[in-house]
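Worksheet for the structure shown next.
Read-outs: derived from the displayed coordinates by stated rules, not from any lab. Just so it is clear, the model here is predicted, and its values are computed rather than measured. In this analysis, Cβ positions are derived from the backbone assuming ideal geometry, glycine residues included, and neighbour counts consider all displayed protein chains.
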Amino acid sequence: MTQRFLSHADLGALVAELVAAHTRVIAPVRAKDDARQLDYLPIRALADAALGVALPRRSLKEFFLPPTEVLLSYRQTKEGVEIKEVPTQAQPQVILCASPCDAAALEVVDKVMNWEYRDELWFGRREATTIVSLLCSIMDSSCFCSAIGLGPDSSRGSDVLLTPVEGGYRAQVITPKGEALLKDYGSAELSAAAEAGAEAAQLAARARVANNAPAIPAEFSAWLAENFDHPIWKTMALRCNGCGACAGVCPTCHCFDIVDEHESSEQGVRRRNWDSCQMAKFTLHASGHNPRQSQSERFRQRIQHKFSVYPRRFDEILCTGCGRCSRICPGGMNLPEILGELMALAKSEPEKSEGSGQ
Amino acid sequence: MKELQELAAKLLTDGAVQVVIGYEEGPRGVRPAFITDPAQAGRLVFDARCVQNLATYLNPRRKHIVQLGKSAVVVKGCDARAIAGLIRERQIARESVVVIAVRCGGVLQRPAENAALNSETISVRCAGCDVREPKLYDYLLGELPPEPPVNAARSEQIAKLEKMTPAERRNFWNEEFSRCIRCYACREACPMCFCVQCMADKAEPQWIDPSPTLESNRAWQMMRVLHQAGRCVDCLECERACPENISLGLFSRYIADAVEKRFEYKACDDPAVAPPLGVFSTEDGEEFIR
């Protein structure tokens, strides 16, 4: 890892050059429908971006796994069925001033996207994207990245991590992609004052989120698996109304549905669309049977998949502690609070529960 | 507040109900509370942050609530309209729920806000409210607070929409619906969406393409709002749940106004009033149905 100093002007020049070269640059900007909220959107100049204001409402997920995308088109001809797959190569894009939790989420989801099948559309976009993150200074009471083992200064998933210092940024270059992006910008000289300033900013940021939730212990995933039938699940999610808004805004929820849509009797497209385990239809069998009958079971699935199934399979928690689910939830479900309750239970009842069954 | 807490404790102690659904202080403002132990009744609160329509939890498809037993539910007048709707449409029986109504002086837009009520912070749904003192209740609590301020944002928006040409109006709604990701949070949060199988979830026949394209989003949102015509209670839970902040409440209100004009009907908290699209009348304005 190397370090550079980037002035504000350097960063502005980088954006200008990328935009001139028709590279899509995405950054947090003020939402069109609500000036208090931010969205990650394409920018034309650095001045379009709103930095250090708030965590954007949605994560970076949609730039890698769009809410809907065509996988292939098909056409019935006299000779048979003609199938055209979509190209997996993506246009280059740069994500500027991403939140470190959102950058980390992509690396977490990479694991499932390269599990039994390599998702070429996902990785096509991953490879074409350079991610420049910015030290997070915008956390609120729903943030708990440090409990997951990340932090406001985590460089995970980033090609470059910026830390604000007097007059500009300390740029930590994490990957060759980051190196290539910044090689003509700023200087390799980082003053001792800038170095000290960056370290102080890191410590201050970590302190602001450290007490929001206790760290999740390694044995938590096994406890969850053993306590699948614990009676707590029946009462834990009473206020959850099953709307699934949490999954939409979650940076790591990646489930999708594949459907064929006919444009006429001869042709159509195959699409994949975001889906959510909070919906009854998600597990509805063709027979009419649904193994997850009630919202209690669907909410349990959300927790089990993120904090037990995924960790046991990929050695990763499927959550970054970004807090978006708690902010959006119309029922007032709060993930740090729920994890706190479950971890307390794991401590007081470490053994496998007898359970009440389902 | 004390009156509410004591009543909840008494209902639970007497075994009149097994759960009291009310509001409590949560990590992000006020949120729904499910009190099953009379000793916990002290958690209940009621103030201008009590935005949520708790009648949504009475919806019979919420099996995880049904299993708790008989409920008492804390409602504002606007929420009582949803209970009346569920009774009117034979989803619940009147005697299956104990209605604890609270006289209301208006609510904020979000339960996590903690601002004084004024013409900008108050919910648009409180403008012109005629149910501040509900008529559907088993217990009616509190004093009637003074007339709340009026947030005219929505009526101004409706006036603006009405002045638009059809093409402009189409563009406005296209812009809104293009953002829809078809997560169906609006439907799931709605107290009046109780279909066992939503038309949007039907695969054979597939009435509406499931992919979030503008065309199918428009079809979905139009279908939803038309199924809500004369049924929507204007609680705005759909809009609050929408992760894309689509003006769903504006859309529903637009249709509700049309129903009021054509059928002289407004969603009310009297379950005995017949639904406008569910009655036969020889006086009907349409010839084909007489």
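If amide H atoms are built 1.01 Å from N in the plane of the peptide, which residues on other chains or at least 5 residues away come under 5 Å of the amide H of A:ALA98?
Hits under the 5 Å cutoff: A:VAL132, A:SER133, A:LEU134.
Given a Förster radius of 60 Å and the C-beta distance between A:GLU166 and B:GLU3 as r, what FRET efficiency does 1/(1 + (r/R0)^6) yield to the nearest 0.05? List each step's numbers first, then the result.
On the way: r = 58 Å, r/R0 = 0.97.
Rounded to the nearest 0.05, the efficiency is 0.55.
Quickly rank A:140-153, A:72-85, B:220-233 as a protection proxy: mean count of other C-beta atoms within 10 Å, highest first.
Numbers: A:140-153: 22.6, A:72-85: 11.0, B:220-233: 20.1.
Listed from highest to lowest mean packing, they are A:140-153, B:220-233, A:72-85.
Give the residue list of GluC sites (Glu not before Pro) in segment A:115-153 that are DSSP loop and have at most 14 other beta-carbon atoms within 10 angstrom.
Of the GluC sites (Glu not before Pro), the ones in loops of segment A:115-153 whose Cβ has at most 14 other Cβ atoms within 10 Å are A:GLU116.
Give, to the nearest whole percent, the P(r) tail of segment B:1-143 beyond 25 angstrom, counting all Cα pairs. Walk me through the numbers on the way to the answer.
On the way: 2307 of 10153 pairs.
More than 25 Å apart: 23 percent of the Cα pairs in segment B:1-143.
What ³J(HN,Hα) values, in whole Hz, does the Karplus curve 6.51 cos²θ - 1.76 cosθ + 1.60 give for segment A:129-146 when θ = phi - 60°, with x put for Gly and Pro?
Rounded to whole hertz, the list is 10, 10, 10, 10, 9, 10, 3, 7, 10, 10, 6, 10, 5, 8, 6, 8, 4, 5.
Would you mind computing, in nm to one decimal, how far apart the modelled labels at A:GLU349 and A:VAL53 are, each placed 7 Å from Cα along Cα→Cβ?
4.6 nm
Rounded to whole Å and ordered largest first, report the semi-axes of the equivalent ellipsoid of the protein assembly as shown derived from its Cα gyration tensor (root of 5λ).
Details: eigenvalues 362, 188, 140 Å².
That gives 43, 31, 26 Å for the three semi-axes.
Take every residue in peptide A:61-68, count the Cβ atoms of other chains within 10 Å of its Cβ, and give the average of those counts.
3
Mind putting a number on the dipole of segment B:2-141 about its Cα centre? Charges go on the C-beta only, +1 for Lys and Arg and -1 for Asp and Glu, and I need it in Debye to the nearest 20.
Details: 20 positive and 15 negative charges, 96 e Å.
Its charge dipole is roughly 460 debye.
Pop the C-beta distance of A:ARG270 and B:MET199 into the FRET formula with R0 = 25 Å and round what comes out to the nearest 0.05. Write down the numbers at each step before the final one.
Numbers: r = 23 Å, r/R0 = 0.91.
The formula returns an efficiency of 0.65 here.
Can you list residues from other chains, or at least 5 along the same chain, whose modelled amide H is less than 5 Å from the amide H of A:ARG58?
Under 5 Å from the amide H of A:ARG58: A:TYR40.
So what's the back-of-envelope 222 nm ellipticity for chain B, counting only DSSP H runs of four-plus at -39500 (n - 2.57) apiece and dividing by all residues, rounded to 500?
On the way: 9 runs with 91 residues, N = 290.
Rounded to the nearest 500, it is -9000 deg cm²/dmol.
Explain nothing, just compute: Karplus ³J(HN,Hα) = 6.51 cos²θ - 1.76 cosθ + 1.60, θ = phi - 60°, for every residue of segment B:163-177 in order, whole Hz, x for Gly and Pro.
Rounded to whole hertz, the list is 7, 6, 6, x, 5, 5, 5, 4, 4, 4, 6, 4, 4, 5, 6.
Using amide H atoms built 1.01 Å from N in the peptide plane, name the residues 5+ places from B:GLU24, or on other chains, whose amide H lies under 5 Å from its own.
B:ARG31, B:ALA33, B:VAL45
When only DSSP loop residues count, what GluC sites (Glu not before Pro) in segment A:135-243 have their Cβ near at most 16 other Cβ atoms within 10 Å?
Working: sites: A:GLU166, A:GLU179, A:GLU189, A:GLU195, A:GLU199, A:GLU219, A:GLU226; in loops: A:GLU166, A:GLU189, A:GLU219.
Of the GluC sites (Glu not before Pro), the ones in loops of segment A:135-243 whose Cβ has at most 16 other Cβ atoms within 10 Å are A:GLU166, A:GLU189, A:GLU219.
Across all directions of projection, what mean area in square nanometres is found for the Cα convex hull of chain A? Mind dumping the intermediate values first?
Details: hull surface 85.6 nm².
If you wrap the Cα atoms of chain A in a convex hull and average its projections, you get 21.4 nm².
Could you work out, residue by residue across A:288-297, how many beta carbons of other chains sit within 10 Å of that residue's beta carbon, and then give the average as an integer? Show your work: numbers first, answer last.
Working: counts 0, 0, 0, 0, 0, 2, 7, 6, 4, 2.
Partner-chain Cβ atoms within 10 Å, mean over residues of A:288-297: 2.
Relative contact order of chain A, please, whole-number percent, based on alpha carbon pairs below 8 angstrom and at least 6 residues apart. Display every interim value, and only then the final one.
Working: 659 pairs, mean separation 74.0, N = 358.
Averaging sequence separation for qualifying contacts and normalising by length gives 21 percent for chain A.
Mind checking which of B:LEU11, B:ASN217, B:PRO243 is farthest towards the positive end of the protein assembly as shown's charge dipole, using Cβ charges of +1 (Lys, Arg) and -1 (Asp, Glu) about the Cα centre?
B:LEU11
Let's see if you can work this out: charge +1 on each Lys and Arg Cβ, -1 on each Asp and Glu Cβ, no other charges. What is the dipole magnitude of the protein assembly as shown about its Cα centre, in debye to the nearest 20? Present the calculation step by step, with values, prior to reporting the outcome.
Values: 77 positive and 84 negative charges, 102 e Å.
With only Lys, Arg, Asp and Glu charged at Cβ, the dipole is about 480 debye.
Convert each backbone phi in segment A:48-54 into a coupling constant with the Karplus relation 6.51 cos²θ - 1.76 cosθ + 1.60 (shift: θ = phi - 60°), then list the ³J(HN,Hα) values in order as whole Hz, x for Gly and Pro.
Per residue, the Karplus-derived 3J(HN,Hα) values read 5, 7, 10, 9, x, 9, 6 Hz.
If you place +1 on the Cβ of every Lys and Arg, -1 on the Cβ of every Asp and Glu, and leave all else neutral, what size is the dipole of segment B:153-269 about its Cα centre, to the nearest 20 Debye? Please list the in-between numbers first.
Details: 17 positive and 18 negative charges, 40 e Å.
Result for segment B:153-269 is approximately 200 debye, rounded to the nearest 20.
Taking 7 Å along the Cα-to-C-beta vector as the label spot, tell me the B:TRP207-A:ASP315 distance in nanometres, rounded to one decimal.
For B:TRP207 paired with A:ASP315, the spin-label model returns 5.0 nm.
Considering only DSSP states other than H, G, I, E and B, which GluC sites (Glu not before Pro) in segment A:260-358 qualify as loop sites with at most 13 other Cβ atoms within 10 Å? Numbers along the way, then the final one.
Working: sites: A:GLU261, A:GLU263, A:GLU266, A:GLU297, A:GLU316, A:GLU337, A:GLU341, A:GLU351, A:GLU354; in loops: A:GLU263, A:GLU266, A:GLU316, A:GLU351, A:GLU354.
Answer by residue number: A:GLU263, A:GLU266, A:GLU351, A:GLU354.
What FRET efficiency do you get for B:VAL279 and B:GLU147 if R0 is 25 Å and r is their Cβ-Cβ distance, rounded to the nearest 0.05? Could you put the intermediate results ahead of the total?
On the way: r = 34 Å, r/R0 = 1.35.
About 0.15, to the nearest 0.05.
Would you mind computing, in nm to one decimal, how far apart the modelled labels at A:ARG75 and A:ALA20 are, each placed 7 Å from Cα along Cα→Cβ?
4.2 nm
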